[in-house]
1. For region 79-118, which residues satisfy the criterion of being in a loop (DSSP other than H, G, I, E, B) and either modelled with pLDDT under 90 or within 19 Å of residue 151 (Cβ to Cβ) (or both)?
2. Which of the residues spanning region 35-78 are charged (D, E, K, R) and part of a helix (DSSP H, G or I)?
3. Mind checking which pairs have a first residue in region 155-182 that is on the phi < 0 side of the Ramachandran plot and a second that is among the basic types (Lys, Arg) and part of a loop (DSSP other than H, G, I, E, B), Cβ under 8 Å, 6 or more apart or different chains?
4. Yes or no: residue 239 assigned by TED's automatic domain parsing to the domain that holds residue 353, outside any helix (DSSP H, G or I), out of contact with any Cys (no Cβ under 6 Å at 6 or more places or on another chain) and free of Cβ contacts under 8 Å to residues at least 24 places away in the same chain?
5. In region 320-348, which residue that is within 11 Å of residue 234 (Cα to Cα) and among the hydrophobic types (A, V, I, L, M, F, W, C) is surrounded by the fewest Cβ atoms within 10 Å (Cβ to Cβ)?
6. Please work out which residue is surrounded by the fewest Cβ atoms within 10 Å (Cβ to Cβ), limiting yourself to region 10-23 and to residues that are under 14 Å from the mean Cα position of the chain (by Cα) and farther than 14 Å from residue 139 by Cβ.
7. Of the residues 308, 245, 284, which is at pLDDT 95 or above and closer than 18 Å to residue 14 by Cα?
8. Among the strands (runs of 3 or more DSSP E) lying completely within region 119-228, list those that include at least 1 residues that are of a type outside the set (Lys, Arg) and touching a Lys or Arg at 6+ places or on another chain (Cβ under 7 Å).
Amino acid sequence: MRIGILSEPPRLRSPFKAGLEQARGLAERGHHVYFVVQKRNLDATARLLGGLPQNINYLALQSVPIVTRALDFFTKSLRYVEGGVIDVDLGAMLVSGWCMSKKLFKIRLDSLLSYSTLSPLQMFNLYSSHELKKVLYLFDMPIYIMMRIVNPKVNVAIVQFVRLFEESVIRKADIILCATRGAALIWKKLFGVDSVLLRFGCQPSSTFSHSKGDYMISITSWEPQRNPLFLLDVMGALDKTDLRLIVAGKWQDKSLYEQFKFSVYKQGLQKKVIIARNLGDQELTELYRKAVCFIQPAGSSTLYKSALEAASQGVPIIAPFQSELWEMFDSGVHGFKVIENNVKSYVDAISRFSDEDVLHKMGYEIWKRCSEYSWSSHVASLEELMQ
């Protein structure tokens, strides 16, 4: 098949990486893949990833200086992500995308894979075509809902316009995939759409590592509802262990980051809590391999991508009872269920990893289970859905 992929804007901890893995896998299965992505942030993200797959045809949408600057200015308040980093190049999408779409029309694609309801904006004339099968992959709530959450004062007319655009994207799709059950329920409730659950994949290490370090790891895009300060309460209660905690990822709220740093100092946890930022892909993988366990942040029950990456390196998980992770893994075999925001529950679970036999067995079992969730298995299912 000739497959077009309308990518998310390039960011390391986002579905952009998943899109690359899907593109790589489809190309390895003999398909001709054309990967459309904005040029802005692409080189920087590629460096953090250690390079881009070489078996893909990349169509990078260049910024259009005057249009890009104007749209950046007028839509600034609508496009904040990851603590204020504005990464959506609407100028490239609307102008360069329209021009580039002519090339893809000539190629006569068989299928078009798009992420979220934003990506089709890059080539909406192509996405609207009846001549190819359109697959829409959703992994979060609708954009108009996120706009309301980020900025409750946003103009109602703008929100309604975005909602109508998202609805048109939904209606033009031939098949809708959701990366989480939570996302599927939201889109069903708000737009009445049925979807197919297709979880993200992972790349299990070729061998199981028996060697573990003296630390746990927790990673997400930190924001107040994910309660990073709770982790300090847990570490403060772990006075009978030498385990440290690495808190990695992005900080949505600068004031929350400063509060967390101050609390680490105030509680005397400088030697037990390490804040890691701007980690490259390979650096994170190396940290995963020696971690005793992965602690899923509070308020992120449907977010499993980072935990899955850790599990693929043989890292047991600690996650709340309601976590979507327990649809993939088994408590008592691959990690432990805990009561969210309950210090004793977390301390009891972490303490069980002091038994080397438990730690080794759980690490091996979760690494073995991840073979079922490999990217090759994921892409095989995706290929079948796209035909």
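1. Residues of region 79-118 in a loop (DSSP other than H, G, I, E, B): 79-80, 82-84, 86-89, 108-110, 116-118.
79, 80, 82, 83, 84, 86, 87, 88, 89, 116, 117, 118, listed by residue number.
2. Start the filter on region 35-78 by keeping residues that are charged (D, E, K, R), which leaves 39-40, 43, 47, 69, 72, 76.
Matches in region 35-78: 43, 47, 69, 72, 76.
3. 179/199; 180/199
4. Details: assigned by TED's automatic domain parsing to the domain that holds residue 353: yes; outside any helix (DSSP H, G or I): yes; out of contact with any Cys (no Cβ under 6 Å at 6 or more places or on another chain): yes; free of Cβ contacts under 8 Å to residues at least 24 places away in the same chain: yes.
Yes, satisfied.
5. At the first step, the residues of region 320-348 found to be within 11 Å of residue 234 (Cα to Cα) are 341-348.
Applying the additional criterion that residues be among the hydrophobic types (A, V, I, L, M, F, W, C) yields 343, 347.
Values: 343: 17, 347: 19.
The extreme case among them is 343.
6. Here is the first cut: in region 10-23, the residues under 14 Å from the mean Cα position of the chain (by Cα) are 10-22.
Remaining after also requiring farther than 14 Å from residue 139 by Cβ: 10, 12, 20.
On the way: 10: 25, 12: 20, 20: 22.
The extreme case among them is 12.
7. Values: 245 fails: closer than 18 Å to residue 14 by Cα; 284 fails: at pLDDT 95 or above.
Result: 308 is the single residue among 308, 245, 284 that is at pLDDT 95 or above and closer than 18 Å to residue 14 by Cα.
8. Working: elements: 133-138, 175-178, 215-222.
Hits in region 119-228: 215-222.
The values are calculated or read from the model by the stated rules, or taken from the named source; none is laboratory data. If you're wondering where the values come from, they're calculated on a predicted model, not measured in any experiment. Backbone-built Cβ (ideal geometry, glycine too); neighbour counts: all protein chains shown.
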